[in-house]
1. Are any residues in the stretch 528-577 more than 28 Å from Tyr517 (Cα to Cα), of a type in the set (Gly, Ala, Ser) and out of contact with any strand residue (DSSP E or B) (no Cβ under 8 Å at 6 or more places or on another chain), and if so, which ones?
2. Can you confirm whether Gly71 is assigned to a helix (DSSP H, G or I), assigned by TED's automatic domain parsing to the domain that holds Pro399 and closer than 30 Å to Gln259 by Cβ?
3. State whether one or more residues within the stretch 184-196 are among the small types (Gly, Ala, Ser) and touching an Asp or Glu at 6+ places or on another chain (Cβ under 7 Å).
4. In this structure, is Lys135 in contact (Cβ under 8 Å) with a residue 24 or more places away in the chain and surrounded by 17 or more Cβ atoms within 10 Å (Cβ to Cβ)?
5. Looking only at the stretch 565-597, filter to residues that are surrounded by 15 or more Cβ atoms within 10 Å (Cβ to Cβ) and of a type in the set (S, T, N, Q); which one of those is farthest from Ala364 (Cα to Cα)?
6. Hey, among the residues in the stretch 442-454 that are in contact with a strand residue (DSSP E or B) (Cβ under 8 Å, 6 or more places away or on another chain) and assigned to a loop (DSSP other than H, G, I, E, B), which one's surrounded by the fewest Cβ atoms within 10 Å (Cβ to Cβ)?
7. With the structure loaded, tell me whether Arg511 is surrounded by fewer than 21 Cβ atoms within 10 Å (Cβ to Cβ), among the basic types (Lys, Arg) and in contact with a strand residue (DSSP E or B) (Cβ under 7 Å, 6 or more places away or on another chain) or whether it fails that test.
8. Which of the following residues is surrounded by fewer than 23 Cβ atoms within 10 Å (Cβ to Cβ), over 16 Å from Trp421 (Cα atoms), touching a Gly at 6+ places or on another chain (Cβ under 6 Å) and not charged (D, E, K, R): Thr457, Thr483?
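The values are calculated or read from the model by the stated rules, or taken from the named source; none is laboratory data. Note that the structure is predicted; figures quoted are calculated from it, not measured. Here the Cβ positions follow ideal geometry from the backbone for every residue, glycine too, while neighbour counts run over all protein chains shown.
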Amino acid sequence: MSTESSGSIENVLHEGRKFPPSTDFASNANIASEAEYQQMWDRAKDDPAGFWGEMAENLDWFRPYDSVLDGQMPETKWFLGGKINASYNCLDRHLDSWRKNKAAIIWEGEPGDTRVLRYQDLHREVCKFANVLKKLGVETGDRVTLYMPMIPELAIAMLACARIGAPHSIIFGGFSADAVADRNNDAQAKLVVTADGGWRRGKEVPLKAAVDESLERSPSVEKVVVVRRTGQEVDMVPDRDYWWHEMMEGASAECEPEQLDAEHPLFILYTSGSTGKPKGVLHTTGGYLLGTTMTSKWVFDLKDDDTYWCTADIGWVTGHSYIVYGPLSNGATTIMYEGAPNWPDEGRFWQMVEKYQVNIFYTAPTAIRAFVKWGDNWPNQYDLSSLRLLGTVGEPINPEAWMWYHRVIGQEACPIVDTWWQTETGGIMLSPLPGVTATKPGSCTKPLPGVVPDIVTKEGASLGDNEGGLLVMRQPWPSMLRTLYGDHDRFLQVYFSEIEGCYFAGDGARRDEDGYYWIMGRVDDVLNVSGHRLSTMEVESALVSHELVAEAAVVGFPHDLKGEGICCFVTLTSADGPEELKDELKAHVRKQIGAIATPDMIRFTNALPKTRSGKIMRRLLRDIAAGREEVGDTTTLEDFTVLARLREHNE
């Protein structure tokens, strides 16, 4: 069968290195053996209701559920009849133990100001703000937009919304007024919580001004609450705008949590699609909270004395799941940082690791590649010996960046959990278990208990070892999205129409002879060169393994002879390289992968177009490579000038 007819993706990158966990780490891990993992995975696959019913005992319920799972994908419901509250599980249940005086959130602002909120402090602030919301007319079921910097008030507002059953819609505090208006209108938000501004690379980012502009086109919004963060002048509209600190002064610190159905919406989070309209991913209370609670415990091996730092912004799902809900449900200490990793210099993250004695560090491959570019001298200035576990999230990590992370940051002593998941999945799906899994650089290894993936052709037939294809999920899991807000038909079309009976993740992947999964990038990032389907990620990894390359993004473009050509956008470790370096890089890729993967075009650039969460927007690069104007949704683009500069140099 030809690759064209089977729809499989050719696997051309081979990685043989393997790193087992140390005996010391394994002996103390929450899941400590391959046999224990396999028993859990088999049980979850064969008896999902029994397994997840048992796992749900890790949460506190006001009323027990009548059934664990009802229905089949895509129309599933979990823990029907159960009454629960996410805020209660993240806060109240810890107050009857020693944890009430434990640090829940350690916060550092970019200018260096700090706050520590113990569990009882956070509980008090959340109850007070929940009462503020109620006073301003927010009721159970009303949607609340949060458009804020990375300050403690963001976590407080999230948990206050959860406490009263008002689904929150968090918008990253750098999106345009248009993006805020679009999301307000789609969710029909009743109230917006924002700040005067935030700090980013030493500059004030105005947020209230963007909200004011958005409200000219957001008729559903009735009230705005404003946190004073930077002190900049802002317009306050009487009877619409209220200062956070003034409203909190007289608010009661007692607020009983609403007893909510397990399927009650917890939040909506917008993620960009290939069309101009963002998708409002909706997650529910019981299933989502269980997923984030258990995956935090399993993957990060959380212990009571850990200081845990996920560097994401809460505007993205990683921040929802692994800064707030997952860690706090487990009673962990979680760090929030407001600013950029290179302010006031490139050592900021490592200075914070030393300062707070961080044990678990979770960041993105994009950030790691930036660290590599900035040089070993920055982390080498600081004591990183407190670290015991490292993680990556957001996109596949190329093996060379993985090895640098292992060697320089982990000092060859820390397991690395390379996690694969999505906004839509709610929590981590594929990941090493740090006390069990022998890791391979670049592989997210194996599915977690309750996750039943497969690699299939576009016709839905399962593929064998090392055959690349479409990554699907064959079994429902509690934290999966339930719908796209206000557009269930689109939900069914986007996620369940490709392969019958399966959730299609949109990613290509392969499974090797050890059962390890290797993500090969978005299926729309797969190249079809002379009938050979190649993963862009593998070509990118080959480029980045060259000592002069800091980062690379590979896309296809129409080619008269091959059908599709390979265009590489390359950022170098130093200034622009000479023309002959392009030939050297082409030869390097050819040697690493083979002649079929030889780039047709290499373009040097100072920066790549990225979302504010750090993902490269390859869709826009494909348009540039093909000479088209960009189409679709660009609201998540961080720096629009990057596109303009790339177009200027289009050859």
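1. Hits for the stretch 528-577 are Ser574, Ala575.
2. Taking the combined requirement at face value, the residue does not satisfy it.
3. Checked the stretch 184-196: no residue is among the small types (Gly, Ala, Ser) and touching an Asp or Glu at 6+ places or on another chain (Cβ under 7 Å).
4. For Lys135, the condition - in contact (Cβ under 8 Å) with a residue 24 or more places away in the chain and surrounded by 17 or more Cβ atoms within 10 Å (Cβ to Cβ) - is not met.
5. Among those that are surrounded by 15 or more Cβ atoms within 10 Å (Cβ to Cβ) and of a type in the set (S, T, N, Q), it is Gln592.
6. Within the stretch 442-454, the match that is surrounded by the fewest Cβ atoms within 10 Å (Cβ to Cβ) is Val452.
7. For Arg511, the condition - surrounded by fewer than 21 Cβ atoms within 10 Å (Cβ to Cβ), among the basic types (Lys, Arg) and in contact with a strand residue (DSSP E or B) (Cβ under 7 Å, 6 or more places away or on another chain) - is not met.
8. Only one candidate passes the filter, namely Thr457.
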